[in-house]
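**Q** Let me begin by handing over the structure; questions about it come next.
The values are calculated or read from the model by the stated rules, or taken from the named source; none is laboratory data. Quick caveat: nothing in here was measured; it's all calculated off a predicted structure. For neighbour counting, all protein chains shown are included, and Cβ atoms are generated from backbone atoms with ideal geometry for every residue, glycine included.
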Amino acid sequence: MKETLRKYLPDRAIDPVFELIKTNQVYLKIVNERKTRHGDYRKLPDGLHQITVNGSLNKYRFLITLIHEIAHLVAFQTYGRRIKPHGQEWKMTFTRLILPYINPAVFPNNLLPLLARHFKNPKASSDTDAHLTVALQRYDQPTDKSYIFELPYGSTFRLYNGKVFKRGNQRVKRYECVELTTGKVYLFQPNAQVEWITT
């Protein structure tokens with residue numbers, strides 16, 4: 001298991017994460033990329049705790065996602081299964097579990113202040129924190145995708161599912177975009193990565 005973790009985690013995180021997995025009896029599955037989620041946790045009928053994490057994530061996002069999912073398991077065991085999945089109990093648990101990793105031996109210096117701010121009140125998905133997401137994506141494999149906030153007003157773009165949109169106005173933090181085939185308006189996070197159609 002440690003050799004497998006070495007491919008997906010920062011070096012200084014391998015031993016403590018391995019201990020977390022062992023202590024909490026986690027069955028870790030590393031899966032192909034899913035566009036709608038980075039990871040998930042479920043208790044299987046036989047009582048095993050299964051956590052899946054996308055194998056395509058960079059080491060820093062993989063670590064955050066894995067601890068996020070272990071926090072679900074620990075929060076449910078500590079407070080009972082009636083708590084909200086991303087409620088106060090989970091937030092406290094996630095912050096407690098991730099804090100030992102928020103240091104320069106594990107994360108690059110440029111991520112540390114963003115992580116410290118994010119974990120004052122972690123969200124259900126770190127993707128809703130645009131500054132942290134953009135900073136984390138610098139460690140991804142190069143891509144030909146653009147961020148919504150980079151696209152000029154009125155430009156068209158395509159999502160991974162083939163749907164085509166036109167970028168509209170910014171409303172507070174998110175961007176109004178019209179799906180061209182239906183005319184429906186959707187709100188996009190500024191850090192959403194899309195294929196800019198330039199012709």
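**Q** In the list Tyr41, Tyr60, which residue meets the criterion of being under 19 Å from the mean Cα position of the chain (by Cα), in contact (Cβ under 8 Å) with a residue 24 or more places away in the chain and not in a helix (DSSP H, G or I)?
**A** It is Tyr41.
**Q** Please pick out the residue among Leu28, Leu20 that is in contact with a strand residue (DSSP E or B) (Cβ under 6 Å, 6 or more places away or on another chain) and outside any loop (DSSP other than H, G, I, E, B).
**A** Answer to the check: Leu28.
**Q** Can you spot a residue in region 90-106 that is closer than 25 Å to Gly47 by Cα, surrounded by 13 or more Cβ atoms within 10 Å (Cβ to Cβ) and aromatic (Phe, Trp, Tyr)?
**A** Looking through region 90-106, at least one residue is closer than 25 Å to Gly47 by Cα, surrounded by 13 or more Cβ atoms within 10 Å (Cβ to Cβ) and aromatic (Phe, Trp, Tyr).
**Q** What number of residues within region 2-38 are at positive phi and surrounded by 11 or more Cβ atoms within 10 Å (Cβ to Cβ)?
**A** 0
**Q** In addition: Can you tell me which residue is modelled with the highest pLDDT among those in region 131-158 that are outside any helix (DSSP H, G or I) and within 17 Å of His38 (Cβ to Cβ)?
**A** Looking at residues that are outside any helix (DSSP H, G or I) and within 17 Å of His38 (Cβ to Cβ), I get Tyr139.
**Q** Looking only at region 155-169, count how many residues are more than 23 Å from the chain's Cα centre (by Cα) and either under 20 Å from Thr133 (Cβ atoms) or of a type in the set (Lys, Arg) (or both).
**A** 3
**Q** So which pairs qualify, if the first residue must be in region 73-101 and not assigned by TED's automatic domain parsing to the domain that holds Ala116, the second must be of a type in the set (A, V, I, L, M, F, W, C) and modelled with pLDDT of 95 or more, the Cβ gap must be under 7 Å, and the two must be at least 6 apart or on different chains?
**A** Listed pairs, sorted by first residue: none to list.
**Q** Sticking with this one: From the list His68, His86, His72, pick out the single residue that is in a loop (DSSP other than H, G, I, E, B) and either touching a helix residue (DSSP H, G or I) at 6+ places or on another chain (Cβ under 7 Å) or surrounded by 12 or more Cβ atoms within 10 Å (Cβ to Cβ) (or both).
**A** The conditions single out His86.
**Q** Follow-up. Condition (residue is farther than 28 Å from Phe62 by Cβ, part of a strand (DSSP E or B) and in contact with a Pro (Cβ under 9 Å, 6 or more places away or on another chain)) applied to region 180-187: is it met by at least one residue?
**A** Taking every residue of region 180-187 in turn, none turns out to be farther than 28 Å from Phe62 by Cβ, part of a strand (DSSP E or B) and in contact with a Pro (Cβ under 9 Å, 6 or more places away or on another chain).
**Q** Output yes when any residue across region 1-22 is assigned by TED's automatic domain parsing to the domain that holds Pro122 and in contact with a His (Cβ under 7 Å, 6 or more places away or on another chain), and no when none is.
**A** Taking every residue of region 1-22 in turn, none turns out to be assigned by TED's automatic domain parsing to the domain that holds Pro122 and in contact with a His (Cβ under 7 Å, 6 or more places away or on another chain).
**Q** Follow-up. If you check His118 against the conditions, is it closer than 18 Å to Gln189 by Cβ, touching a helix residue (DSSP H, G or I) at 6+ places or on another chain (Cβ under 6 Å) and modelled with pLDDT of 90 or more?
**A** Yes.
**Q** Answer yes or no as to whether Ala105 is among the aliphatic types (A, V, I, L, M) and at pLDDT 95 or above.
**A** When the stated conditions are applied, Ala105 passes them.
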